[in-house]
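What follows draws every value from the coordinates through simple rules; no lab data is involved. This one's a predicted model, so the numbers in the text were calculated from it and none came from an experiment. A quick note on method: Cβ atoms are made from the backbone with ideal geometry, for glycine too, and the neighbour counts reach across all protein chains shown.
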Amino acid sequence: MEISSRELKIIQTSAELTFNDILGTWKARWGINRMNFKVEPGLYSVGKPDSNSPVLVSANYKMSFDSLRKELMEVNAWILVLDTKGVNVWCAAGKGTFGTQELLNRMAIVQLEKVVSHRTVIVPQLGAPGISAHEVTKFSGFKVVYGPVRAKDLQEFLKSGMKATAEMRRVKFTAYDRLVLTPIELVGTSKVSLMIFGVLFLLNLLGLGPFGIVDFYAYIGAVIIGCVLTPVLLPWIPGSPFAWKGWLLGFIWAVTVNILNGWTAVPQYSILRALGYIFILPPVSAYLAMNFTGSSTFTSFSGVLKEMRKAVPMIIILIVVGILLVLVDSFI
Amino acid sequence: MKNRYLKNVATLKLNSDQCRGCGRCFEVCPHNVFIIEDRKSVILDKDRCMECGACVKNCPFNAIEVKPGVGCAYAIIMGWLTGTEPSCDCSGGSGDNCC
Ligand code: SF4
Ligand code: SF4
């Protein structure tokens, strides 16, 4: 039997993002083609790395990969891309695809021990839920150093001899961080929204309406409040359950809609309809805001479960009562 | 402004007898839940824990317990509807925060 040494396969990349990379990121944020936003797993070189250059581990979600390499201007480094099925580091670590097993496999496949003379890999700290550092060392001899949470701190981290400051270790969740996550929330609701418009349209045809322009903007407003406004204003809205925060803003919106419609002044605008809005709109926002727990970086499973046990039944009851009110209103 | 979530719900437990003060938990926790005092890890603020499981996975002495899970309402709803464990399947987010 012939034992041949495998060829070392190294893919070149750079710290420069092309227009296409940027367009791709933008599209992924809006949910266009985001499941196919992958790079090939394997070993990449940035700059002119040699056997002493650091090895940075990443996921094969293109946005993760791009956000890493764009911070590597004038750095010579290796990037080891794990096969996480196109999922980002944080999610994949939670699922275990960004995990001890895959890291060990990938290091073996690319023959990392032949490429570098040192025995250290830098894993992003957000990958820690999937990686057991001491086990990686036990099976491969490579030491795992957890890098900073944000790729933009990498240069400083490398310069300081791979020491992350407390600041670099902390996950932050700024208004901007939250804002960039909102388009996907909006896109996610658009299907359901179209269905709701369809049903309202049918009801109109059946003569159960009239559902008009007011219902349309009232609903759109509630969606925007739940998907965009609540996430962005998150820490400034009193209370801690997300659903509550959404409900509160939704309630303000419902009252606003009623006032805009000249409620109490215009006689044909009945109290039933006004109440209907107050019942229906806030829970719509509440539900969407609650879904933002998935995008947030600080909600625990136990916490979300606790919140949902109360919020979900409330949301259903409020919406059902609200719909009944509106239907009754359109009959009389 | 700090983002805070519900109090007294996290399932995090630390068994001090097993802890050797290596500091790994302190290093990996993204929410600064632990500090090391007198060569032992101490839970500084349990309410900050998001149950990601990083500390448990990286403690070489099995001193920490947490029920890891996704803090995502959508995943939990899908879990209820399909009768499976909630899991993070929508993917996405940026490189540094998720799903
Ligand atoms: S990782 Fe484990 S042993 Fe090390 S300090 Fe934390 S609890 Fe103690
Ligand atoms: S589970 Fe995650 S957030 Fe909670 S203490 Fe451990 S590392 Fe920190």
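Summarising the overall dimensions of region A:176-331 from its C-alpha atoms, the Rg and Dmax are 15.9, 48 angstrom.
Can you sort A:Leu281, A:Leu327 by how many other beta carbons sit within 10 Å, fewest first? The order, fewest Cβ neighbours first, is A:Leu327, A:Leu281. Computed on region A:2-171, with alpha-carbon pairs under 8 angstrom and 6+ residues apart, the relative contact order is 20 percent. Mind scanning A:Lys114/A:Lys163; A:Lys9/A:Lys114; A:Lys70/A:Lys138 and naming the pairs with a C-alpha gap bigger than 21 Å? Distance filter (> 21 Å) returns A:Lys114/A:Lys163; A:Lys70/A:Lys138. Each of B:Thr11 and A:Ala15 was given a label point 7 Å from its Cα along the Cα-to-Cβ line. The distance between the two points is 4.3 nm. Relative to the longest principal Cα axis of chain A, at what angle does helix A:213-224 sit, 0 to 90 degrees, rounded to 10? The angle comes out at about 30 degrees. Adding -39500 (n - 2.57) for every DSSP H run of four residues or longer, then dividing by how many residues the protein assembly as shown holds, sets the calculated 222 nm ellipticity at -14000 deg cm²/dmol.
The residues A:Lys163, A:Lys306, when put in order of fewest to most other Cβ atoms within 10 Å, stand as A:Lys163, A:Lys306.
The convex hull of the Cα atoms of region A:138-193, projected and averaged over all directions, covers 7.0 nm².
For region A:2-171, what is the Kirkwood estimate of the hydrodynamic radius, computed as the reciprocal of the mean inverse distance between distinct Cα atoms, to one decimal in Å?
Details: mean 1/r = 0.0619 Å⁻¹.
Its Kirkwood hydrodynamic radius stands at 16.2 Å.
Between the helical axis of A:19-29 and the longest alpha-carbon principal axis of chain A there is an angle of about 50 degrees. Derived scalar couplings between HN and Hα for region A:99-116 equal x, 3, 4, 5, 5, 4, 4, 5, 5, 5, 4, 7, 6, 4, 4, 8, 7, 10 Hz in order, rounded to whole Hz, by the Karplus curve 6.51 cos²θ - 1.76 cosθ + 1.60 (θ = phi - 60°), x for Gly and Pro. Scattering from region A:82-124 was approximated by placing one identical point on each alpha carbon and applying the Debye formula without solvent; log10 I(q)/I(0) at 0.24, 0.28 1/Å stands at -0.84, -1.00. Computed from backbone phi with θ = phi - 60° and the Karplus coefficients 6.51, -1.76 and 1.60, the 3J(HN,Hα) list for region B:66-72 is 7, 8, x, x, 8, x, 9 Hz; x is used for glycine and proline.
Spatial offset of region A:146-164 relative to region B:3-17 amounts to 28 Å, using the alpha carbon center of each. Per-residue Cβ neighbour counts within 10 Å put A:Met162, A:Met195 in the sequence A:Met195, A:Met162, beginning with the fewest. Residue by residue along B:58-64, Cβ atoms of other protein chains within 10 Å of the local Cβ number 3 on average.
Relative contact order of chain A, taken over Cα pairs closer than 8 Å and 6 or more residues apart, is 12 percent.
For the options A:Thr100, A:Thr18, A:Thr297, a Gaussian network treatment of chain A with springs between C-alpha atoms closer than 10 Å singles out A:Thr18 as fluctuating the most.
The alpha carbon radius of gyration of region B:1-68, expressed as a multiple of 2.2 N^0.38 Å, is 1.03. Legend: translational diffusion of chain A by Stokes-Einstein, Rh = Kirkwood radius over C-alpha pairs, 20 °C, 1.002 mPa s; D = 94 µm²/s.
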